[in-house]
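J.: Mind having a look at this structure? Questions to follow.
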Amino acid sequence: MIKKLILTSMISLAALATTQAAADQQKIHKLVLKDGGVSHMQLDVKVGDKIIIEHNDDTPAVHRLFTTGDNYNFDLSNMGQGDYYQFTAKTPGTFDITCHSMKDMVIAVNVTQ
């Protein structure tokens, strides 16, 4: 009985350590919209990383970012001052985040294992 309890405790601790290690490896990548531009035009992320898009313009300008694709699809047409959007990279591949209004604002995102 004691051996079984010790073994169960060891398995639980190993699972907890594995979960914590995976959480510690997750990185957060921020795209900051400010002064009519964006902080990065390219992001290289890994599966499990979090991407946050923040609207930090000092003016009330509306940013209109979108992406379409098989694995990532969103439309942030009315992103106002102080708004943010976040998602987790779940599938390897590449996609672009583009602005409806500013066609030269294209952010290339590359997701790897």
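The values are calculated or read from the model by the stated rules, or taken from the named source; none is laboratory data. Computed from a predicted model, the values in this text were never measured in an experiment. In this analysis, Cβ positions are derived from the backbone assuming ideal geometry, glycine residues included, and neighbour counts consider all displayed protein chains.
J.: Identify the residue in region 59-84 that is hydroxyl-bearing (Ser, Thr, Tyr) and surrounded by 15 or more Cβ atoms within 10 Å (Cβ to Cβ) and, among all such residues, is nearest to Met102 (Cα to Cα).
T.: This residue is Thr67.
J.: Report yes if some residue within region 7-28 is surrounded by 10 or more Cβ atoms within 10 Å (Cβ to Cβ), under 15 Å from the mean Cα position of the chain (by Cα), at pLDDT 55 or above and within 30 Å of Lys103 (Cα to Cα); otherwise report no.
T.: yes
J.: Quick check on Asn73: is it free of Cβ contacts under 8 Å to residues at least 12 places away in the same chain and within 14 Å of the chain's Cα centre (by Cα)?
T.: Yes.
J.: Within region 32-50, take every residue that is outside any strand (DSSP E or B) and either among the hydrophobic types (A, V, I, L, M, F, W, C) or over 12 Å from His63 (Cβ atoms) (or both) and give me the one that is nearest to the chain's Cα centre (by Cα).
T.: Only one residue fits best here, namely Asp49.
J.: I'd like the residue in region 35-58 that is among the charged types (D, E, K, R) and either touching a strand residue (DSSP E or B) at 6+ places or on another chain (Cβ under 8 Å) or modelled with pLDDT of 95 or more (or both) and, out of all such residues, is nearest to Asp96 (Cα to Cα).
T.: Asp44
J.: Which members of region 57-113 meet the condition of being farther than 16 Å from Lys46 by Cα, among the β-branched types (Val, Ile, Thr) and not in a strand (DSSP E or B)?
T.: Hits for region 57-113 are Thr59, Val62, Thr68.
J.: Separate question: Pairs needed: first member in region 39-56, farther than 8 Å from Ala89 by Cα; second member anywhere, in a loop (DSSP other than H, G, I, E, B); C-beta distance under 6 Å; at least 6 residues apart or different chains.
T.: Close Cβ pairs (under 6 Å, with a partner that is in a loop (DSSP other than H, G, I, E, B)) amount to His55/Gln81; His55/Asp83.
J.: Quick check on my filter: what residues within region 95-112 are surrounded by fewer than 13 Cβ atoms within 10 Å (Cβ to Cβ) and at pLDDT 95 or above?
T.: Scanning region 95-112 gives a single hit, Thr112.
J.: Look at region 80-112 and say how many of its residues are farther than 20 Å from Lys34 by Cα, in contact (Cβ under 8 Å) with a residue 60 or more places away in the chain and of a type in the set (A, V, I, L, M).
T.: Selection size over region 80-112: 1.
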